[in-house]
Amino acid sequence: MNDVLIRRSIEDSADFIEPYLAHSLLIRRTTQIRDFAIRRVPPDGIVMELGVYQGAGINQFADVLAARGDSRTLYGFDAFKGLSEDWFGKSIAARANFDRKGRPPKVRPNVELVVGWVEETLAPFLAAHPGPVAFVHLDTDTYTPARLALELLKPRFAAGSIVLFDEHHGYPNWRNGEYRALTEVFEPDDYQYTAFASQQAVIRMRG
């Protein structure tokens, strides 16, 4: 049954993506779509990742920024205690699979970690850090934290702001995860898809 549901979710995702390919790239590797997204970040504004886990993504972003001479700090949000809710459509073990027992990974010097659940840490952070948000890697996996994060970030996005969704599509029940959060918080005219990978999607805010 799992194989059937996975296959159907992939076919559904392909049907969803195909109409956007007239103005979007189709990228094979996760590292490539990360690179694509971070290299299109506006020069002004906060850059952040919501869901750090082992640090592979945030360290890749940090390396690109440093290599370009971009002195901004990259903020990473994570409790490092797994997921805050069940990931419906995934295995029962998914919630605990990301549990680092509260231990943050090693990160680059230009990364600052904000330890705690996104639902509890993002609002105070934004209150203390004014200005636009230029880049978000949204890797919360599940709907509730993604929805809350996008609601908080919406008034801080500007024209050209980039959001990379890590689990936008490509798995059973994907329409009720990060994708659902996106479509409930934003209107279709608020953003444009610019790239897709196996589960990732990049959008650029129209402002």
Kindly evaluate Asp3 against the criterion of being among the acidic types (Asp, Glu) and touching a residue at least 24 places away in the same chain (Cβ under 8 Å). no
Considering residues that are in contact with a helix residue (DSSP H, G or I) (Cβ under 8 Å, 6 or more places away or on another chain) and β-branched (Val, Ile, Thr), the number found within region 1-29 is 1
Going by the structure shown, is Ala123 at negative phi, touching a helix residue (DSSP H, G or I) at 6+ places or on another chain (Cβ under 7 Å) and surrounded by fewer than 17 Cβ atoms within 10 Å (Cβ to Cβ)? yes
Would you pick out the residues in region 122-137 that are within 19 Å of Pro43 (Cα to Cα) and either in contact (Cβ under 8 Å) with a residue 60 or more places away in the chain or touching a strand residue (DSSP E or B) at 6+ places or on another chain (Cβ under 6 Å) (or both)? His129, Gly131, Pro132, Val133, Ala134, Phe135, Val136, His137
Exactly one condition in (1) over 21 Å from Tyr143 (Cβ atoms); (2) of a type in the set (Asp, Glu); (3) at pLDDT below 95 is not met by Asp70; state its number. (3)
Failed criterion for Thr140 (all others in (1) in a strand (DSSP E or B); (2) surrounded by 23 or more Cβ atoms within 10 Å (Cβ to Cβ); (3) touching a residue at least 60 places away in the same chain (Cβ under 8 Å) hold): (1)
Condition first: closer than 23 Å to Val136 by Cα and either crowded, with 16+ Cβ neighbours inside 10 Å or modelled with pLDDT of 95 or more (or both). Now tell me which residues in region 83-93 satisfy that. Leu83, Ser84, Trp87
Considering residues of region 1-46 that are among the small types (Gly, Ala, Ser) and over 17 Å from Glu167 (Cα atoms) only, the residue surrounded by the fewest Cβ atoms within 10 Å (Cβ to Cβ): Ala22
Candidates Phe61, Phe16, filtered to the one that is more than 18 Å from the chain's Cα centre (by Cα) and modelled with pLDDT of 95 or more: Phe16
Subset of region 9-45 (residues that are of a type in the set (D, E, K, R) and under 24 Å from Asp139 (Cβ atoms)): Asp12, Arg28, Arg29, Arg34, Asp35, Arg39, Arg40, Asp44
Does Ile38 qualify as being at pLDDT below 95 and in contact with a Phe, Trp or Tyr (Cβ under 8 Å, 6 or more places away or on another chain)? no
Identify the single condition in (1) outside any loop (DSSP other than H, G, I, E, B); (2) hydroxyl-bearing (Ser, Thr, Tyr); (3) in contact (Cβ under 8 Å) with a residue 60 or more places away in the chain; (4) surrounded by fewer than 18 Cβ atoms within 10 Å (Cβ to Cβ) that Thr183 does not satisfy, given that it satisfies every other one. (3)
Being surrounded by 20 or more Cβ atoms within 10 Å (Cβ to Cβ), at positive phi and not in a helix (DSSP H, G or I), is that true of even one residue in region 154-173? yes
Gly55 vs. criteria more than 27 Å from Tyr191 (Cα to Cα), in contact (Cβ under 8 Å) with a residue 24 or more places away in the chain and surrounded by 19 or more Cβ atoms within 10 Å (Cβ to Cβ): yes
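The values are calculated or read from the model by the stated rules, or taken from the named source; none is laboratory data. The model shown is predicted, which means the values in this text are computed figures rather than measured ones. With ideal geometry, Cβ positions are generated from the backbone for all residues, glycine too; neighbour counts draw on all protein chains shown.
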